[in-house]
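Participant: Got a structure here, written out as structure tokens. Questions coming.
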Amino acid sequence: MYHKVSEGREWGLTTTTPTQFKAQVEALAHLGFTFSRIQEYKTAEDQIFMTFDDGYACIKEHAAPILDAIGGVATVFAITNYVGKKNSWDYFSESKQVDHMNWSELRELHEMGWEIGSHGCSHRRLLNLDDKNIKQELRTSKKELEDKLGAQVTTFCPPFNAWNSDLLSQIEQAGYTRVAISYPLNGLPKWSGMFIPRLGVYLHDALPLFLGKIFANPFSPIQVLQQQLINLAGDGNILENWLKPPLR
Ligand SMILES: [Zn+2]
């Protein structure tokens with residue numbers, strides 16, 4: 001699970017530099033892995049499923065060419081109300097606003113073989129919303145992506161990794177068959193769809209740490225602790241979203 005791949009000033013914990021990213025991709029390719037989309041997700045030991053949350057323009061600019069060079073593809077989770085706009089939904093990034101991909105960039109990625117999944121319309125924490133708004137976030141984002149890209153959208157990524165059993169059934173009713181979530185996983189509930197559990201990659205992940213993450217047991221205490229700290233601090237997003245009413 002990546003967010004930004006960038007050299008820019010918008011550096012944060014959730015940024016990976018293009019140099020780091022290239023080294024990570026090349027190391028995995030060298031080890032014989034191929035890179036695929038969540039649509040094809042299965043428990044396969046020789047495949048890597050990279051995902052990029054929020055649909056930042058830097059992914060098209062930096063990550064896509066690096067993956068393309070080794071014949072790899074990935075999945076990006078777009079926020080439909082912010083396509084072509086700055087990340088004003090991210091309170092802590094106001095001083096360092098970052099561009100989201102526009103529709104033609106998303107379409108180009110799709111044509112390169114990437115999967116474009118939904119991350120909702122507004123990046124609000126869905127558990128804070130009433131049923132009507134949840135339905136709208138799930139269905140409107142799906143329909144807009146499908147209309148604009150001419151492809152089926154079957155993967156949903158809940159903003160802030162905030163989800164529960166009720167939300168899972170709403171996700172299913174909206175027509176999604178896969179949900180991308182983050183470690184740590186504290187026991188997964190029953191769901192007819194497929195869970196895509198992800199490990200976050202962050203700025204401080206040097207190559208050995210990155211490879212360790214891939215090959216180590218993701219439930220090891222250090223991994224769980226790290227992910228919990230990141231979930232708490234992250235870009236400040238999650239904490240912020242819990243403390244304040246959602247920003248429009
Ligand atoms: Zn997000």
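For (1) under 15 Å from Tyr2 (Cβ atoms); (2) within 16 Å of the chain's Cα centre (by Cα), each residue gets a yes or a no:
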| position | (1), (2) |
| --- | --- |
| Arg178 | no, yes |
| Ser182 | yes, yes |
| Gly187 | no, no |
| Trp191 | no, no |
| Val201 | yes, yes |
| Asp205 | yes, no |
| Lys213 | yes, no |
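Participant: Can you find even one residue in segment 55-72 that is within 16 Å of the ligand (Cβ to nearest atom), under 15 Å from the mean Cα position of the chain (by Cα) and outside any helix (DSSP H, G or I)?
Facilitator: yes
Participant: Which condition from (1) of a type in the set (Ser, Thr, Tyr); (2) surrounded by 18 or more Cβ atoms within 10 Å (Cβ to Cβ); (3) over 18 Å from Ile79 (Cα atoms) is the one that Thr17 breaks?
Facilitator: The single condition Thr17 does not satisfy is (2).
Participant: Identify, please: which residue in segment 40-54 is surrounded by 18 or more Cβ atoms within 10 Å (Cβ to Cβ) and part of a loop (DSSP other than H, G, I, E, B) and is, among those, nearest to the chain's Cα centre (by Cα)?
Facilitator: Ranking the qualifying residues of segment 40-54, first place goes to Met50.
Participant: Residue by residue through segment 116-167, note down the ones that are within 16 Å of Asn102 (Cα to Cα) and among the hydrophobic types (A, V, I, L, M, F, W, C).
Facilitator: Within segment 116-167, Ile116, Cys121, Leu145, Leu149 qualify.
Participant: A follow-up question, please. Taking Val201 as meeting all but one of (1) at pLDDT below 85; (2) among the aliphatic types (A, V, I, L, M); (3) under 18 Å from Arg37 (Cα atoms); (4) within 16 Å of the ligand (Cβ to nearest atom), write down the number of the exception.
Facilitator: For Val201, the failing item is (1).
Participant: Give the residue, chosen from Ala69, Ala78, Ala74, that is at pLDDT 95 or above and surrounded by fewer than 18 Cβ atoms within 10 Å (Cβ to Cβ).
Facilitator: Details: Ala78 fails: surrounded by fewer than 18 Cβ atoms within 10 Å (Cβ to Cβ); Ala74 fails: surrounded by fewer than 18 Cβ atoms within 10 Å (Cβ to Cβ).
Residue meeting the stated conditions: Ala69.
Participant: Across segment 71-82, what is the total count of residues that are touching a Phe, Trp or Tyr at 6+ places or on another chain (Cβ under 9 Å), farther than 17 Å from Val5 by Cα and touching a residue at least 40 places away in the same chain (Cβ under 8 Å)?
Facilitator: The total comes to 3.
Participant: Within the bounds of segment 156-168, is there any residue that is in contact (Cβ under 8 Å) with a residue 60 or more places away in the chain, surrounded by fewer than 15 Cβ atoms within 10 Å (Cβ to Cβ) and under 19 Å from the mean Cα position of the chain (by Cα)?
Facilitator: No; the residues of segment 156-168 include none that is in contact (Cβ under 8 Å) with a residue 60 or more places away in the chain, surrounded by fewer than 15 Cβ atoms within 10 Å (Cβ to Cβ) and under 19 Å from the mean Cα position of the chain (by Cα).
Participant: Okay, moving on. Report yes if some residue within segment 149-168 is within 15 Å of the ligand (Cβ to nearest atom), in a loop (DSSP other than H, G, I, E, B) and within 22 Å of Leu67 (Cα to Cα); otherwise report no.
Facilitator: Taking every residue of segment 149-168 in turn, at least one turns out to be within 15 Å of the ligand (Cβ to nearest atom), in a loop (DSSP other than H, G, I, E, B) and within 22 Å of Leu67 (Cα to Cα).
Participant: A follow-up question, please. Among the numbered criteria (1) assigned to a strand (DSSP E or B); (2) within 22 Å of Leu28 (Cβ to Cβ); (3) hydrophobic (A, V, I, L, M, F, W, C), which one does Val201 miss?
Facilitator: Result: Val201 passes all but (1).
The values are calculated or read from the model by the stated rules, or taken from the named source; none is laboratory data. Bear in mind the structure is a predicted one, so any value in this text is a computation, not a measurement. A quick note on method: Cβ atoms are made from the backbone with ideal geometry, for glycine too, and the neighbour counts reach across all protein chains shown.
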